[in-house]
Structures are given as C-alpha cells and as structure tokens.
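The values are calculated or read from the model by the stated rules, or taken from the named source; none is laboratory data. The structure presented is a predicted model; accordingly, all values stated were derived computationally and were not measured. Neighbour counts run over all protein chains shown; Cβ positions are idealised from the backbone, glycine included. The area values use the complete protein model at the heavy-atom level, side chains included, leaving out ligands, DNA and RNA. Shrake-Rupley method; radii C 1.70, N 1.55, O 1.52, S 1.80 Å.
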Amino acid sequence: MKATLVAMMSLVMASCVPQTPPTTLPDSLPTTTVAITVGVREDRNAFEASQALYDSLGDEIDVAAVAELAESGDVRYAWLLSDLLRFFGPGDISATLAQGFEELTGVVLAGETSPWVESSNYLIAEDIAAPPEYQRLKGQLYTIVDARWSPFFDDPNSVIEYRHLGFGGVGPDDRPLGEFDQSCATSCIPALDNPAFTDAAGGGWYPDDAIIFGVDIGGEARAYPKNMMEVHEMVIDTVGGVRLGIPYCTLCGSAQAYDLESVPDGFEAPVLRTSGLLVRSNKLMYDLNTWSAFDTFTGQALSGPLHDAGVQLDMVTVVTSTWGAWKEAHPDTTILAQDGGIGRTYAANPLRGRDDNGPIFPIGDVDPRLPVQQQVLGVTLDENVFIAFPAESARAALENGDTVELAGVTVTLDGDGLRAQRTDGTQLATHQAFWFAWSQFHPTTELWSPDLLDG
C-alpha cells in the first residue's frame with residue numbers, strides 16, 4: 001500500500017503550479033483515497049501510538065493509533081495530527097485526523113480555512129510543546145514527500161523550530177548555480193542566477209508606478225522588479241563588487257539581501273535556494289553547497305555545517321520603491337532585463353491576488369498593534385533592540401517635511417522608499433515586511449507612530 005500513499009503525496013505536489021509560486025490556497029488539496037485500517041486497539045502509551053501512526057504512513061493509516069492519541073490527554077501529540085492534516089485533502093482520513101485533534105485539544109475546527117491551517121494556528125498561538133522525538137517523527141513524514149529534505153531533519157544540532165515548519169507546496173530548488181535551463185526534479189520555485197540587466201533607459205518596459213526592490217552598494221544601484229521576484233523568490237547577483245543572495249518571501253512581503261561572502265574561511269559562498277518549506281509563513285532557504293538551512297528573515301544558519309560554524313550572513317539594505325522614483329533618485333541605476341537574461345516572459349501580476357485576503361499559511365497569533373499585512377520598515381539596532389516604522393505613515397510624514405525618528409534611528413526617503421540610519425549618520429541595514437512577519441520574529445519591537453510627530 002505504500003505506493004498508494006506516495007501517489008497521494010504526488011498529487012499534493014502536482015496541485016501546485018510548476019516553476020512558479022503556488023497560486024492555490026493550502027486547503028485546495030486533492031481528495032484522498034488512501035486506504036485506512038481500523039486496526040486493533042492495543043495497550044500502548046501515547047508515544048508508542050505516535051510511532052505506530054507514523055510507521056503506518058508507508059502502508060495503511062492506523063486509525064486505532066489516532067484514537068489512542070486523541071484519548072491520551074497529552075495535547076503535545078496534537079502536533080502530529082496537525083502535521084498529517086497538511087497532506088490529506090477532503091476524505092475519511094482528514095476527517096478522522098480532524099476529529100482526533102478536536103477530541104485531544106477541545107478545540108472545534110470551524111472550517112474557515114483548511115483543518116491544517118486552523119489546527120496549526122491554534123497550536124502556535126498557544127505555544128503547545130512538541131511531543132517526544134518530534135524532529136525525527138516529522139522528518140519521517142516529510143521525507144516521504146521529498147527525500148531531499150532529510151538533511152534538515154537529520155541534524156541533531158539543528159535549531160529549526162520544527163513545530164512551526166510546514167510544507168509550502170513545492171519541492172526544493174536544487175539546480176546547480178547558473179543552470180537556469182535545467183528543470184527542477186519536482187515542482188519548485190527556481191532561483192535566478194547572475195541575471196542580465198540594462199540601464200535605466202533600457203528599463204522602459206517596466207511601468208514607472210510598479211514596485212521594484214532596490215539595492216545600492218558603493219554607488220552601484222540595481223532594481224529588481226517585483227513581478228520577476230514573485231516568480232523566482234531568489235536572485236544571486238553581484239552589485240558593487242558584493243556577491244548577494246536576494247530572497248523575496250512573497251508570503252511575508254519581504255525582500256532582503258545578504259552578503260554571501262560573509263562566511264568563515266574554509267567555506268564557499270553559499271548558493272541560496274528555496275527549500276519549499278515554510279516557518280510561520282516565512283520561506284526557509286538553504287545553501288545548496290552544504291544543505292544548511294537558513295532563516296530567511298535573519299540570515300542565521302539553522303542547521304548543517306554553516307550552523308555549526310555559527311554563520312549569520314551580513315544583511316544589506318533593500319529599498320521598496322516605485323521604479324519611476326528609484327530611477328529619478330538613481331539615474332545611473334540598472335534594472336533586470338525584461339527576460340531576466342533567460343528568455344522568459346513574466347506576467348505583470350504572477351500571484352493574481354493570492355494574498356489579498358490575508359495569510360494563507362499558519363502564522364499563529366499576531367501582535368494586534370497593527371493590521372496583519374501592513375508594511376513596516378524593520379530596523380535592528382542590536383541583538384535585543386528592534387524598531388518598526390509603518391511604511392505608509394512614515395513616507396507620508398517625510399513627504400510632508402516631518403522628521404521620522406525613534407530611539408536614535410532616523411528614517412529617510414530613497415526614491416519613494418525608505419532607509420534608516422543612526423542619528424550620527426551611520427547607515428543601518430533595513431528592509432520592509434508585513435507586520436505579522438516582522439513582529440513574530442521580533443516580538444519586543446518598538447513601534448513608531450505618527451502620533452510621535454511634533455504638533
């Protein structure tokens with residue numbers, strides 16, 4: 001029966017659009033017909049039942065084990081039921097898992113989103129502890145979906161938050177550097193390596209009011225059109241002599257840039273790729289050379305040799321601006337070529353409003369000080385001091401001639417985007433993101449408000 005289960009997993013992978021960001025919501029999984037077995041109730045403790053359940057994934061789902069976990073009273077095992085819900089569309093198995101989750105937690109899944117999203121959001125918000133050997137059990141499940149993920153689960157020193165780790169709908173992009181014409185083994189989000197670019201005049205194809213993500217290093221400026229970043233979500237490029245990895249997490253509205261050479265001697269510059277996994281709706285990137293996982297939001301290596309070496313990549317400022325304002329502020333800027341240098345045609349709006357109604361993957365609870373998807377400029381002063389400036393309000397204040405400042409940080413315009421510096425003029429590495437993403441990584445963040453303006 002293992003082939004039946006693997007075939008079901010293949011349907012999940014196939015339900016995503018190959019070579020482009022997934023455009024279906026996570027509750028749009030195929031109806032499943034995998035066999036189940038009622039089994040014989042055994043005198044097993046919760047851990048034994050959890051192992052039996054996950055061992056049965058290669059054959060028939062052990063419903064007796066689901067019932068035993070539901071009756072165990074140990075809410076930690078709800079994580080295992082929730083994880084399984086990610087991979088089963090409407091059908092008997094999904095209903096059985098959801099019922100078990102409800103019985104174990106006392107929470108009724110309202111059906112407003114998928115059972116997986118609802119159950120995960122509850123467990124994250126309540127900070128429910130993981131069950132015993134959770135990393136291994138979750139790896140047992142996820143490597144059925146894609147065996148290439150095994151390095152992320154096999155590392156005993158990993159600091160990945162496995163409770164918050166979820167399947168993003170695609171497999172890992174493991175194409176070698178520069179192999180843009182090589183297809184992924186499975187559906188993936190393909191990085192764009194060493195893209196072609198033109199001068200500003202050659203960028204007339206891109207509308208002046210459309211968004212770019214701008215980088216300026218050593219006087220060399222480059223613009224990355226948002227529609228192209230939505231397709232690739234990762235660019236490897238060199239600007240101002242600095243080798244950059246530029247991930248764009250579409251789900252958390254955050255484009256960032258990292259100096260790929262900020263690694264210890266003895267390591268090659270990482271080749272950053274999209275793993276196909278998410279952590280609270282934030283993409284998990286990884287280094288193709290070492291298969292070390294990275295926190296996309298902070299640049300910290302979370303597993304593998306680069307984690308063991310304590311690597312945290314140096315961040316470079318990314319400015320979110322309109323193309324027209326950026327090229328006016330940077331007349332010598334370059335912009336990615338219309339075809340990216342790979343002969344590709346890019347839609348003006350690849351995601352087609354996918355995220356317009358809020359996060360579609362689990363995020364847990366959200367800091368209520370701002371709307372979930374409000375864009376903020378995030379500033380890190382040191383390991384424990386973080387500041388967020390609501391982007392629209394800060395931009396309006398600056399255009400009005402006001403000073404936008406908090407805790408020794410001053411925000412200025414760049415094009416019609418934002419960057420920040422200390423009051424002594426020292427530039428700070430910054431980027432924009434949705435509020436839910438910035439605040440979940442930096443829950444102690446200070447928040448600037450227009451109410452702080454004089455008068």
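Some points to look at:
- Within the same chain, aspartates and glutamates fewer than 8 places from residue 138 are excluded, and of the rest, those with a Cα less than 16 Å from its Cα are 48, 55, 83, 146, 154, 155, 161.
- Using C-alpha pairs under 8 Å with a sequence gap of at least 6, the mean separation divided by the residue count of segment 47-94 gives a relative contact order of 31 percent.
- Relative contact order for segment 248-298, counting Cα pairs under 8 Å that sit 6 or more residues apart, in percent: 26
- Point-to-point label distance, residue 396-residue 422, nm (Cα→Cβ direction, 7 Å offset): 3.2
- Relative to the longest principal axis of the Cα atoms of the chain, the long axis of helix 92-105 makes an angle of roughly 80 degrees.
- Take segment 317-392 with all the other protein chains still there, run a 1.4 Å probe, and you get 46 Å² of accessible area per residue.
- Counting only aspartates and glutamates at least 8 places from residue 327 when in the same chain, those with an alpha carbon closer than 17 Å to its own are 199, 208, 209, 216, 220, 414, 416.
- Relative contact order %, segment 314-393, counting alpha carbon pairs below 8 Å whose residues are six or more apart: 13
- Overall form of the chain per C-alpha gyration tensor (a/c, 1.5; a/b vs b/c): prolate
- Between helix 115-125 and the chain: long-axis angle, C-alpha atoms, 0 to 90°, nearest 10: 70
- At 1.002 mPa s and 20 °C, Stokes D of segment 374-455 from Kirkwood alpha-carbon radius, µm² per second: 170
- Taking amide H as placed 1.01 Å from N in the peptide plane, the amide H of residue 244 sits under 5 Å from that of 237, 238, 239, 260, each at least 5 places away or on another chain.
- Signed unit charges on C-beta, dipole axis of the chain, positive-most listed residue 232, 302, 110: 232
- Prolate/oblate/rounded call for segment 208-260, Cα gyration tensor, a/c under 1.5 rounded: oblate
- Principal-axis analysis of the Cα atoms of the chain puts helix 134-145 at an angle of about 90° to the longest axis.
- Global form of segment 304-416, assessed from the alpha-carbon gyration tensor, a/c cut-off 1.5: rounded
- Here the Karplus curve 6.51 cos²θ - 1.76 cosθ + 1.60, taken at θ = phi - 60°, turns the phi angles of segment 156-164 into couplings of x, 9, 4, 10, 4, 7, 5, 4, 8 Hz, with x standing for Gly and Pro.
- Per residue of the chain, the DSSP helices (runs of n ≥ 4 H) give a summed -39500 (n - 2.57) that works out to -7000 deg cm²/dmol at 222 nm.
- Of all accessible heavy-atom area on the chain, the percent that carbon and sulfur account for (1.4 Å): 49
- Once the 1.4 Å probe is applied to the protein heavy atoms, segment 179-245 comes out at 36 Å² accessible per residue.
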